[in-house]
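The block underneath contains the structure these notes are about, expressed in C-alpha cells.
The values are calculated or read from the model by the stated rules, or taken from the named source; none is laboratory data. Note that the coordinates shown come from a computational prediction; the quantities given were computed from them, not determined experimentally. Note that each Cβ is placed from the backbone with ideal geometry, even for glycine, and that neighbours are counted across all protein chains shown. These area figures cover heavy atoms from the full protein model, side chains too; ligands, DNA and RNA do not enter into them. Shrake-Rupley method; radii C 1.70, N 1.55, O 1.52, S 1.80 Å.
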Amino acid sequence: QVQLVESGGGVAQPGGSLRLSCAASSSIFSIATLGWYRQAPGEQRELVALITPLNNTKTKDSVKGRFTISRDNAKNTVNLQMNSLKPEDTAVYYCALTTAFSEFWGQGTQVTVSS
C-alpha cells in the first residue's frame, strides 16, 4: 500500500506564492508518474500538472508559466511551486501516484487565495 502525504497548503494573497510537497512511502516512486490535481467547491477534480519517470511534464494551460512541478526520487517527493496565485486557484490540491497497474491518492491540502 502506498501512502501519500501532502503539505504546504494554506492561505495566500493574490500574486503570492505557495509550495506544495507530497511525500510518498513507496519503492515504486521512481517509476511512477506523479501528478497534482485540484478540486474547487462544486467542481470536478482536474489535472494541474504531472511529471513522468523521465521528467517530462504536462501543465494545465491556465497555470502555465505560474506553476512548476518537480520530483526528487532520492527523497520520494513531488513538489508544486505555485507563483502569481489567483483567487481561481483556490481548491483542495491532491497528489497522485500512477503506474501501469495502480493509482494512489493523497488526502488533499487546502489552498485558498484571497485578499
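Observations
- Scan of the range 81-104 for residues that are assigned to a strand (DSSP E or B), over 19 Å from Leu18 (Cα atoms) and among the polar types (S, T, N, Q), ordered by number: Thr98
- Residue that is surrounded by the most Cβ atoms within 10 Å (Cβ to Cβ) [pool: residues in the range 40-77 that are charged (D, E, K, R) and over 19 Å from Ser17 (Cα atoms)]: Arg45
- Close pairs (9 angstrom Cβ cut-off, 6 or more residues apart or separate chains): more than 19 Å from Glu6 (Cβ to Cβ) in the range 56-83, open to solvent by 80 Å² or more (accessible area, probe 1.4 Å) and among the acidic types (Asp, Glu) anywhere: Ser62/Glu88
- The set of residues from the range 105-115 being over 13 Å from Ala40 (Cβ atoms), open to solvent by 40 Å² or more (accessible area, probe 1.4 Å) and in a strand (DSSP E or B) comprises just one member, Trp105.
- Residues of the range 19-39 that are under 17 Å from the mean Cα position of the chain (by Cα) and open to solvent by 30 Å² or more (accessible area, probe 1.4 Å): Arg19, Ser21, Ala23, Ser25, Ser30, Thr33, Tyr37, Gln39.
- Conditions (1) of a type outside the set (Phe, Trp, Tyr); (2) loosely packed, with under 12 Cβ neighbours inside 10 Å; (3) over 20 Å from Ser115 (Cβ atoms); (4) touching a Leu at 6+ places or on another chain (Cβ under 9 Å); number of the one not met by Gln1: (4)
- Condition met for Arg66 (within 17 Å of Gly106 (Cα to Cα), of a type in the set (D, E, K, R) and touching a strand residue (DSSP E or B) at 6+ places or on another chain (Cβ under 9 Å)): no
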